[in-house]
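The values are calculated or read from the model by the stated rules, or taken from the named source; none is laboratory data. Bear in mind the structure is a predicted one, so any value in this text is a computation, not a measurement. Glycine gets a Cβ as well: all are built from the backbone with ideal geometry, and neighbour counts include every protein chain shown. Keep in mind that these areas ignore ligands, DNA and RNA; they rest on the heavy atoms of the full protein, side chains included. Shrake-Rupley method; radii C 1.70, N 1.55, O 1.52, S 1.80 Å.
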Amino acid sequence: SMIVGGLAKMRAKAKQKKQDQGLGIESLDGAMMSFAQGLHQLPQVVAQQLGAAVQLNTQVDSLSFSAEFGYQVCSGDQIWQASQVVLAIPAAQVARLIDDLQPLDAELHSRAQDCLQQVDYSPVASISMAFNKQQISHPLNGFGCLLPTKEAKQTLGVLFPSSIFANRCPDDQHLLTVFIGGGRGAEAMTLTPDQRLQLVVQELAGYLGIQGQPLWHEESLWPHAIPQYKLGHLPKVALVDEALAQFPGLHLRSNWRDGVALGDCVENAYQLAQDIGARPL
Ligand SMILES: Cc1cc2nc3c(=O)[nH]c(=O)nc-3n(C[C@H](O)[C@H](O)[C@H](O)COP(=O)(O)OP(=O)(O)OC[C@H]3O[C@@H](n4cnc5c(N)ncnc54)[C@H](O)[C@@H]3O)c2cc1C
């Protein structure tokens, strides 16, 4: 039952926590966390440790497999040969890259590609902006807020990074990070960045007591930001797994199938890396 499953999950979590404590690993369960210079430090440090093995701005164009030579991964005129390949890329990219594989069941393979193409990603823009403290009457004494649908706003939510983390902006300023878009913010995605800025400032002004314009702002827009786990998503993922099971050493790890949260992505990647590392070459 769900209760038994829930209890088992709690017990497993408690056991893991105890093991981590034994290893001196501090649990961040549910905690808001970042790094001194921001989250981008995580990929930067991983890349540093991997050194020359990391090739940036290198789009994989094709992937093929033969029982004799394993996988051939091509990008422009570069070719890599590998026995293990991890596709940690968006679903539509997986659909494209598996096109050159020679499946035993072409019909199943094609259905899997359809499922991958159908994974829906909603667009999101994040807008960081700073205000003088006097411009905001709310004390911002929290991590931020989400705007539920009944508020009928396009803004999804706002974080208060300068309240949560140290050294995010000068002491006399507040830093806000606003998210807009998603399913209900489709209209906002048709606006120009300046219009979107005006919209979020206007939508948040009443809640936070904002006066005037931000001192500076910066927008990042992801047209395909967050994969949506809609009803029927998991059977589609299972079908993709079934179709690709015939290809040994081909792994999929991504936010469209193993959990959207960054913590899930890191944990799943770590487990897979350990699993692959433990295999004989
Ligand atoms: C605006 C926004 C806010 C978020 N906020 C939070 C949050 O507060 N907390 C949280 O836990 N999570 C958050 N998330 C979710 C989380 O950040 C993502 O789910 C996670 O980072 C996705 O990791 P990934 O490695 O699966 O995919 P990605 O980070 O999308 O990586 C996929 C990579 O594959 C590359 N790629 C694609 N095709 C190819 C190809 N053919 N060849 C080579 N490379 C290719 C892409 O360039 C990209 O670098 C947020 C996401 C967004 C968009």
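Values as computed for the structure displayed
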| quantity | calculated |
| --- | --- |
| Volume per residue of the C-alpha convex hull in the stretch 121-226, rounded to whole Å³ | 96 Å³ |
| Fluctuation leader among Ala91, Ala238, Ala31 - the chain, Gaussian network, Cα springs under 10 angstrom | Ala31 |
| C-alpha center-to-center spacing [the stretch 103-158, the stretch 31-54] in angstrom | 23 Å |
| Gaussian network model of the chain, springs between alpha carbon atoms under 10 Å - residue of Gly157, Gly183, Gly232 with greatest fluctuation | Gly232 |
| Solvent-accessible area per residue for the stretch 121-226 (1.4 angstrom probe, square angstrom) | 53 Å² |
| Cα centroid separation - the stretch 61-95 against the stretch 225-262, whole Å | 17 Å |
| Accessible-area composition of the stretch 121-226, carbon plus sulfur, in percent [1.4 Å probe] | 56 percent |
| Over 32 Å (Cα to Cα) - which of Lys9/Lys133; Lys13/Lys230; Lys153/Lys230; Lys17/Lys133 fall in this group | Lys9/Lys133; Lys17/Lys133 |
| Assigned charges on the beta-carbon of Lys, Arg, Asp, Glu; the stretch 121-226 dipole about Cα centre (debye) | 240 debye |
| Computed over the chain, Kirkwood Rh from alpha-carbon pairs, angstrom | 22.3 Å |
| The chain - mean residue ellipticity at 222 nm from DSSP helices (-39,500 (n - 2.57) per run, n ≥ 4, rounded to 500) | -11000 deg cm²/dmol |
| Tilt relative to the chain, helix 233-244 - C-alpha long axis, 0 to 90 degrees, to 10 | 30 degrees |
| Alpha-carbon Debye profile of the stretch 6-162, log10 I(q)/I(0) at 0.10, 0.11 Å⁻¹ | -0.76, -0.89 |
| Angle between the chain longest axis and helix 106-118 axis [Cα atoms, degrees, rounded to 10] | 10 degrees |
| Cβ-based net charge around Arg96, under 13 Å, with every Lys or Arg adding one and every Asp or Glu removing one | -4 |
| Relative contact order of the stretch 163-281, defined on C-alpha pairs under 8 angstrom at six or more residues apart (%) | 13 percent |
| Max mean-square fluctuation residue, GNM over the chain, Cα-Cα springs under 10 Å, options Val46, Val119, Val73 | Val46 |
| Cα centre as origin, Lys/Arg/Asp/Glu Cβ charges: the chain dipole, Debye | 980 debye |
| Cα-based helix-to-principal-axis angle, 41-50 vs the chain, degrees rounded to 10 | 30 degrees |
| Residue-count net charge about Cys145 - beta-carbon cut-off 13 Å; Lys, Arg +1, Asp, Glu -1 | -1 |
